[in-house]
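Only one structure is covered here, and it is reproduced in the block below.
Just so you know, all these numbers are worked out from the coordinates, no wet-lab data involved. Computed from a predicted model, the values in this text were never measured in an experiment. Please note: Cβ atoms are built from the backbone with ideal geometry, for glycine as well, and neighbour counts cover all protein chains shown.
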Amino acid sequence: MNIEKKTKLNPIEVGFRKNKKIPVIPLARQVFETCCANPHSHPRGQLIFAESGIMRVFCEKRSWLVPPTQAVWVPPHYEHQVYFQNKVSLLNIFIDESAVSTLPTSCIVIKVSKLLKELIYKAAKIGDNYELNSPEFRLMMVVIDEIAQAEKDELFLPLGSDTRLMKTINALLDNPSSQKSLNDYAKHSGASSRTLLRLFKKETGLSFSDWRKRMKLQKAIEILVQGKSVNEVSCELGYHNSSSFIEMFRKELGLPPVKYLAKNCEAKF
C-alpha cells in the first residue's frame, strides 16, 4: 500500500463537538485510497467501522488491519491515524466524553455482532437530529451499551515499525498465496532470518508462522464476505486443496468457513 500517494483527510469536525445532550453522533462516508493527514485526537471517543473494504488503524503505538467483521474503538483524546485501502464504506460513531464511562479505556478491536451492525445502520439514518430522552436518544444509548458489551476480537493483525519487518509484512500482504520461506523474506528485507524472527516477536507479539496464518485467516474472511467460494479462497491463499484450508480455518476459529461466516458476518451462500 503506497501511503504517500493517498488523498489526505483532515480530522472530522464532529469529533470535536462537545454536547452532553447529543451523546452519539454517527457519520457515514465513502472513501477511496484515503488516509488521515496526520495522527490526531479529539474529545469524543470514536468507533471506526468499515461496512465494506479494509482499514489500517494506528493507535497507542499499535496497528491493525481491520476487515468488515471488526471495528476499532478509540477512546477520547487518544492519538490515532487511519489508512483506507481501496474503496471503503465507512461508518463512524462519535461518543461524547460524558458518555464513555462504561466503554474500554484503551484502543481495542471488537467483533461487530449482527445486532451492533443493525444499530449502527439505524443510528446513521438518524444522525444528530434527536432530542434528549426521545426514542432516537434511547436508541443511541443502546448503541453505547452494545459497544461496551462487544467481544474483544483476538484475530486482529498487528503490524510494526521496523523497516525490515514492514518490507516482509507488505510482501506477505501483497501476495498472501506465496510459499516463500522465512529465509526468502529475510533476503528481501535485508535482515538475517534470525533478526526477522526476533522482530516479528518483538513488534507484533507473534511468530512469523503465526502472523502469516493470522493474515491468511483475515484475508480468507475478507474474500468470503465478498461472496467467493471456499474453493476460490483456498486457491487465492495458496492451498493445494480446499480441505487443508478448511481444516486450518476450523482449527483456528472453531468453525468451518461457511458456518463461521453465517454466524459472524451474515454471509449469503
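For the chain, the longest principal axis of the C-alpha atoms and the axis of helix 114-126 are separated by about 50°.
Sort ARG198, ARG44 so that the residue with the fewest other Cβ atoms within 10 Å of its own Cβ comes first and the one with the most comes last. Numbers along the way, then the final one.
On the way: ARG198 14, ARG44 28.
With the sparsest Cβ surroundings first, the list reads ARG198, ARG44.
Mean projection of the alpha-carbon convex hull of segment 206-269 over all orientations, in nm²?
Mean projected area of the Cα convex hull: 4.0 nm².
Note on LYS114 and ASP174: their simple-model spin labels are 4.0 nm apart, each label 7 Å out from Cα toward Cβ.
Determine the alpha carbon to alpha carbon distance for each of LYS167/LYS213; LYS219/LYS259; LYS152/LYS251; LYS87/LYS259; LYS87/LYS251; LYS111/LYS216 and list only those over 25 Å. If you can, show how the numbers build up before the last one.
Numbers: LYS167/LYS213 18 Å; LYS219/LYS259 17 Å; LYS152/LYS251 19 Å; LYS87/LYS259 27 Å; LYS87/LYS251 32 Å; LYS111/LYS216 18 Å.
From the list (LYS167/LYS213; LYS219/LYS259; LYS152/LYS251; LYS87/LYS259; LYS87/LYS251; LYS111/LYS216), the Cα-Cα distance tops 25 Å for LYS87/LYS259; LYS87/LYS251.
What's the FRET efficiency of GLU97 with SER243 using the Cβ-Cβ distance as r and R₀ = 41 Å, to the nearest 0.05? Please report the intermediate quantities before stating the final value.
Numbers: r = 51 Å, r/R0 = 1.24.
Here the calculated transfer efficiency is 0.20.
As a test of the formula, what do you get for the chain when each DSSP H run with n ≥ 4 contributes -39,500 (n - 2.57) and the sum is divided by the residue count, at 222 nm and rounded to the nearest 500 deg cm²/dmol?
Working: 9 runs with 105 residues, N = 269.
After summing the helix terms and dividing by the residues of the chain, the value is -12000 deg cm²/dmol.
For helix 208-225, what angle does its Cα long axis make with the longest principal axis of the chain, in degrees from 0 to 90 and rounded to 10? The two axes meet at around 60 degrees.
Exposed loop positions in the chain were taken to be GluC sites (Glu not before Pro) whose DSSP state is not H, G, I, E or B and which have at most 16 other beta-carbon atoms within 10 angstrom. Between these positions, the longest stretch is 155-265.
Counting only alpha carbon atoms, the long axis of helix 193-204 and the longest principal axis of the chain meet at about 10°. Working note: Debye formula, equal point scatterers on the alpha-carbon atoms of the chain, no solvent; log10 I(q)/I(0) at q = 0.13, 0.16 Å⁻¹ is -0.89, -1.26. Extent along the principal axes, Cα only, for segment 3-149: 45, 28, 25 Å, with the longest axis given first.
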